[in-house]
Structures are given as structure tokens and as C-alpha cells.
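This report refers to the structure that appears directly beneath it.
The values are calculated or read from the model by the stated rules, or taken from the named source; none is laboratory data. These figures come from a predicted structure and were not determined experimentally. Note that each Cβ is placed from the backbone with ideal geometry, even for glycine, and that neighbours are counted across all protein chains shown. Surface accessibility is based on the protein's heavy atoms, side chains included, excluding ligands, DNA and RNA. Shrake-Rupley method; radii C 1.70, N 1.55, O 1.52, S 1.80 Å.
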Amino acid sequence: MDAILSFLIMFMMMTLAVVQAQLRYGFYFSSCPSAEAIVRSTVESHFNKDPTIAPGLLRLHFHDCFVQGCDGSILIAGSSAERNAVQNIGLRGFEVIDDAKSQIEAACPGVVSCADILALAARDAVHLSDGPSWLVPTGRRDGRISSSTQASNMPSPLDSVPVQKQKFSSKGLDDHDLVTLLGAHTIGQTDCRFFSYRLYNFTTTGNADPTINQSFLNLLQAQCPKNGDGLRKVALDKDSPAKFDVSYFKNVRDGSGVLESDQRLWEDAGTKSVVQNYAGNIRGILGLRFEFEFPKAMIKLSSIEVKIGTEGEIRKVCSKFN
């Protein structure tokens, strides 16, 4: 099964090459042949010490691409920089990108962009979490703008499905991409403060969100006490939070989505059908489908508004402009 899956994903990636004409596979083949291997070994080293860094890197790439495109703008440090927007609270993995960048600069100075390192690291994080791997088109250049005020349209856990659809559509991502990319919540955690309103005073009624499965509600209330500080971490996928699989979709189907924006996918006809397809009961087939579709959605995401050619710059240090 692994060999067949690898072949299918490889074939799919090659057929997408024409679509991704602005980027290309093997962009650094001649200029920095060790680049991808360095990123992989760096991510693996950090992952072996702390597997929770994987969802952090995936989220970091997603947040980067949704503001100014996939240009590494999220990596810039500074009080008014993008990473300090309220929408980016809790982002992590910056040290992994900085580590990889410093090693690549030692091998190939001024060649590999931070934006590409981030895209590659996200792919490697998924694969290390027992998810699929894929060929990442490269050739992005780093942006010269990073502003916290531009992060206002980031997807939010409070968003209704129509709002989620609008935000994704504005980036060239369709409803199928929306559900597929939210499947990244099969790994990672969130804070109680981002969903506890669903547990005790949903829509100011004094009751819990009625879409939450009762046994799951009891579990969440135990993890997030009514008068707690809200900073306790809760797994986004209660069944296999460290493994990249389809149990997230099964949870949404069964009323066990943690974030309101996740659970609402079951209430919209268009998104529900995609959730159903991924969460079905035919073992193996459904996992294969998600592993096939997720790389395609990630390549679309990582191609949003990229800077190429002479646009932007190749930063020497990812956290500051040249």
C-alpha cells in the first residue's frame, strides 16, 4: 500500500507541474542541491525532541500564506510585524526555520529563501507525523513587508462556514480545499480559551453548544473548567492527536469537533459531503483519499501570491529584512 500510495502521489505531483509554472520542482537542484535535505534533517531533529513542533510548522506556513502570500512575512520579528497580530497568537516553530536557514546559508549563501524553507518544513512535518509526503515546487522569494494590521482577515475559530468559504475563496481555494486543509487539525492542540464559550454559555444562553456530542462535552468541561485560566492545551483530534490521519473527520461527523469552525463543516451541505467522504467506514480507501488530496491542497496553498524572479529578496536571516 505504501509503495502504491507513493507512486500515486509522485504521479499527481508531476502532473501538477504545468499548473505551478511560476514555481518549479528542483529549483535549487544546481544552486543549492543540499537545501531540501538540510531542511528535512533540521525538522527531524527538532521533531525527535518535541513532536508537537510538527503542527506548529504546518500552522506557521498556513498563516504565512494567508497574509501577503507565501513570502515568509510571518517570520519577521518586531512589535508591528505580522507575527504579533492577535490572530497569530501561539504560533511556533520560528526557531526551526532559523536553524535550517543558518545551516543553508553556510552551505549556499544568499540562494534559498525563507519562504521556501517554510514550505518544505511544513511538508516534512506532515510526513514525520505519519502523513503523506509530496514534491514541493520552489522558487519563492521573501517579501519586504510584514504588518500586523494585514492579518485581520485570517480564518478564525469563530467563523461560520460561509465566512470560511469567502476567506478561502479570496485566496483561490475552493470548498474542497477548505475542508481538506482543515484536516490538518488531525494533529496539534488549541487553548481552552478559543472554544470554552461553546461549553458553558453558547450564544449567551447559559447552555452548551447543542452540536457537541454529550460524552465529548463532559470530557471538554473536565479539561476546561468554567473558571479556569483558559490556557490549558486540548488536542484538536481526541483520538490520535499526534498522527496525521482521518480521525479528525470522524470526530466532526460524530459531534466531537473542538473548534466551532470545525464542527460547523457538518452543517453545510457542500462541506459536509467532503467530510463524509474522508470520514467513511471503508478502512484504507478513505485514508488513501485524504493522503492523496491533502498534498494537492497544500501545493495550491503554498502557491498563493508567491513572489518570484526579481520580486522581493532572499533574506540572510529569516527574522529580519536584508
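Side notes on the structure shown:
- Helix 2-15 and the longest principal axis of the Cα set of the chain meet at an angle near 60°.
- Nearest 10 degrees, 0 to 90: helix 94-107 Cα axis against the chain principal axis: 20 degrees
- Tensor-based shape of segment 208-263 (alpha-carbon gyration tensor, a/c under 1.5 rounded, otherwise prolate or oblate): oblate
- Between the exposed loop cleavage positions of the chain, defined as trypsin sites (Lys or Arg not before Pro) in a non-H, G, I, E, B DSSP state with at most 12 neighbouring beta-carbon atoms within 10 angstrom, the longest gap is 1-225.
- Across the chain, the relative contact order, built from alpha-carbon pairs under 8 Å that are at least six residues apart, equals 26 percent.
- Set of aspartates and glutamates with alpha-carbon distance to residue 165 below 17 Å, sequence-local pairs under 8 removed: 174, 175, 177, 260, 262, 267, 268
- Principal-axis analysis of the Cα atoms of the chain puts helix 35-49 at an angle of about 40° to the longest axis.
- Taking the protein heavy atoms of segment 202-322 in the context of the full set of protein chains, the accessible area attributed to carbon and sulfur is 52 percent at 1.4 Å.
- With the whole protein complex present, residue 108 retains an accessible surface near 10 Å², based on a 1.4 Å probe.
- Within a straight-line Cα-Cα reach of under 23 Å, residue 226 can be paired with the following lysines, leaving aside sequence neighbours fewer than 8 residues apart in one chain: 238.
- Computed with a 1.4 Å probe over protein heavy atoms only, the accessible area of residue 259 comes to about 20 Å².
- Accessible area (Å², 1.4 Å probe, nearest 10) - residue 278: 0 Å²
- Sequence of 313, 305, 291 from largest to smallest accessible area, 1.4 Å probe: 305, 291, 313
- Per-residue [θ]222 nm for the chain (sum of -39500 (n - 2.57) over DSSP H runs n ≥ 4, rounded to 500): -13500 deg cm²/dmol
- By accessible area with a 1.4 Å probe, ligands and nucleic acids excluded, highest first: order of 245, 98: 98, 245
- Pairs from 49/233; 167/316; 101/243 whose Cα-Cα separation, in the structure shown, is over 25 Å: 167/316; 101/243
- Prolate/oblate/rounded label for segment 81-152 (Cα gyration tensor, a/c 1.5): oblate
- A straight Cα-to-Cα reach below 17 Å connects residue 171 with the lysines 296, 300, 307, residues fewer than 8 places away in its own chain not being considered.
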